[in-house]
Each structure stands twice: as C-alpha cells, then as structure tokens.
C-alpha cells in the first residue's frame, strides 16, 4: 500500500530535478495537480529540513541534503560489481575478452576482465593503468567527457607513439573523438598493442555523465569480420549497465 504523503514528496523531487531553475509553490501545485495549501505545507517542511533550497524569487530547488545523500548513494554503488553479470553475458555472446575501466587521475584503470576460451595475451589486467589517447576504453572517456574535462586531460598528456598506429597528432585525435560521439562507441586499431583491435562504449550514470567504459578486444582480423555484431552486443550491454546504475 502506498503512502500519499511519501508519493507527493517523491513527485516534488522528480519535478524539481527536471526544473533546475526552480519553481514556486504555486507552479509546483499546478504542475502536480496538488492542492496549494497542502503543497505549501509540504514544501515548507522539506525546506526547513534542508531537502529544498529557496532563491530570492521564492523559487524552490533541490537542497544540500539531497546532494549529501546522492554522494553517499554513488559511493555505495560499486559499478564493477553491478556490471559483472552483464559483462559475462557479453563475453558469452561475442566470445572475446571483455573489459571494464574507470577514469582515475587522467588515466584509465581496469576494474574487470572477463576472458573467453580463446582470449589472446594482453598487458591489460584489473588494477593496471593505461593512457586514454591510445586505448579504446580511454578514447571512450575522451569522447564522452564534458569538453572542458577532455581538454584539461589532453593539455597534460604527451601523445607518444606506442605502436605504428598510435595517433600522436591532437587535431587528428580530436577529429576521431567527434566521430566516436556520433557512432556511440570508440575504436582502438592496434594503437596500444600490436595485433589487438578493441571496440569500447561508455557507461553513463544517473547524472548523464560517463562513469565507466566497457570494451571487447581480440585479434584484429577476427574482430573486424564480426564488427557489426560485436558493436550491437556491446552497445546493448552498455545501455543495460547504465540503466542499472540509474541512467535513463
């Protein structure tokens, strides 16, 4: 059985989350079809308890307590643990090595690796760090990070040649990143390890920012021959993991 007052609190939070400029009590009442008197009492209580803020125009916005609670919720949500079942299913579908990585101090750090029975040798292992500019996972971060964050990282990154395919020209790299945004996934064409071809996709959180990336990696010829199928399964998996951590 639902509790009407609790439901109304949730509707208020959802409404204000979609109206970051704030709303007056009257606007909240009208949009939610709540009586104005009970809406006033509800908003006053939430404001007093720190769940809402009020600006100079008497518009209400989400308050600091929700930020604190959201931060705690994010910290308690282990993306790699959440994603493992999906990564295992992806590996079964594509029969290639599957990875997940997070962004850490301008580099990627591997947090999960699911081997298939025909995995090839790679230097990538959970806990290992690698540059962003020459890996599929890293380029997924660079492509889908906010522009200012991407620029800060690239401004402090030396684009060194690791293989003959490594992109070392920033203008060329940024052109490729824009293409990846349109595609929805990124590619590492033997740019970090000879013979290894990688397809990677972003994982988005509730705030619609990239929180992690996942990839499928294998021998170049084998990967290219099945590229469309692998991309389809990769994007399906990234969508499911994103939804599981609150992205809509």
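Laboratory data are not the source of any read-out in this text; all were calculated from the coordinates shown. Everything quoted here is computed from the prediction, not taken from an experiment. FYI the Cβ positions are ideal-geometry reconstructions off the backbone, even for glycines, and counts take in every protein chain you see.
For region 77-244, averaging the sequence separation of C-alpha pairs within contact (under 8 Å, six or more residues apart) and dividing by the residue count gives a relative contact order of 24 percent. Each listed q (0.19, 0.22, 0.25 Å⁻¹) maps to a log10 I(q)/I(0) for region 19-119, found by the Debye formula over equal Cα scatterers with no solvent: -0.90, -1.10, -1.25. Could you give the angle, 0 to 90 degrees to the nearest 10, between helix 170-183's Cα long axis and the longest principal axis of the Cα atoms of the chain? Here the helix axis deviates by roughly 60 degrees. By the count of other C-beta atoms within 10 Å, a proxy for reagent exposure, 113, 88, 48 are ordered fewest to most as 48, 88, 113. Compactness of region 130-212, taken as the C-alpha radius of gyration over 2.2 N^0.38 Å, stands at 1.02.
Each helix, a run of at least 4 DSSP H residues, gives -39500 (n - 2.57); summed and divided by the residues of the chain, these come to -15000 deg cm²/dmol at 222 nm. Note on residue 169 and residue 119: the model spin-label points, each 7 Å out from Cα along the C-beta direction, lie 3.7 nm apart.
Given a cut-off of 13 Å, what percent of all Cα-Cα pairs of region 4-73 lie beyond it?
62 percent
Cβ crowding within 10 Å ranks 166, 237 as 166, 237, fewest other Cβ atoms first.
Order of 134, 18, 198 from fewest to most other C-beta atoms within 10 Å? Show your work: numbers first, answer last.
Working: 134 24, 18 8, 198 29.
Final ranking by Cβ density, sparse to dense: 18, 134, 198.
Can you tell me the 0 to 90 degree angle between the C-alpha axis of helix 227-244 and the longest principal axis of the chain, rounded to 10? That helix lies at roughly 30 degrees to the long axis. Labels on offer are (i) 32, 22, 15; (ii) 43, 20, 15; (iii) 27, 22, 17, and the one holding semi-axes √(5λ) of the Cα gyration tensor in Å computed from this structure is (ii).
The label point for residue 248 and the one for residue 11, both projected 7 Å from the Cα toward the Cβ, are 1.5 nm apart. Annotation for residue 21 and residue 44: the two label points, set 7 Å from Cα along the Cα-Cβ direction, are 2.8 nm apart. The angle separating the long axis of helix 64-76 from the principal Cα axis of greatest extent in the chain is about 30 degrees.
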